[in-house]
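Take a look at the structure set out below.
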């Protein structure tokens with residue numbers, strides 16, 4: 001069975017992970033910090049944006065796949081998956097600080113609400129409520 005929402009989310013997450021890696025590498029090269037953060041605030045911010053993505057995305061992706069596999073996600077699941085990815089992009093930009101700093105809060109809230117919503121739906125599916 002092809003899970004199109006899961007596949008699209010996984011593809012977007014993979015591309016986003018590569019973008020986050022490139023952002024870390026770019027600031028590392030620009031600041032000549034090859035290992036660790038070198039005490040550089042921007043290196044730390046970019047590293048944490050990437051790490052936060054890696055910490056949060058697997059849970060959302062697993063829940064999206066399980067809900068889609070259970071046949072319970074139409075029509076809202078693709079919207080939640082897209083919002084989650086949007087939230088991760090907003091968080092990454094927000095971690096840079098400055099004018100886009102609000103993106104961190106927006107991304108964090110979207111991620112939190114996505115996790116809670118997907119988790120609740122998963123439990124309701126297991127209980128046979130939906």
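Taken together, the values in this text are just the output of simple stated rules run on the coordinates, not laboratory data. In this text the structure is predicted, and so the values were computed from the model without any measurement. As a convention, Cβ positions derive from the backbone with ideal geometry for all residues, glycine included, and neighbour counts pool all protein chains shown.
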Worksheet, complete the sentence: Summing -39500 (n - 2.57) over every DSSP H run of at least 4 in the chain, dividing by its residue total and rounding to the nearest 500, the 222 nm mean residue ellipticity is -27500 deg cm²/dmol
Worksheet item: Shape call for the chain from the C-alpha gyration tensor, a ≥ b ≥ c root eigenvalues: rounded (a/c under 1.5), prolate (a/b greater than b/c) or oblate?
Response: prolate
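Fewest to most neighbouring Cβ within 10 Å: what's the order for 115, 91, 50? Before the final figure, lay out the partial values.
Working: 115 15, 91 23, 50 20.
Least crowded to most crowded, the residues run 115, 50, 91.
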Fill in: Centroid-to-centroid separation of segment 39-75 and segment 82-123 [C-alpha atoms, Å]
9
Worksheet item: Ranking 31, 55 by Cβ neighbours within 10 Å, fewest first, what do you get?
Response: 55, 31
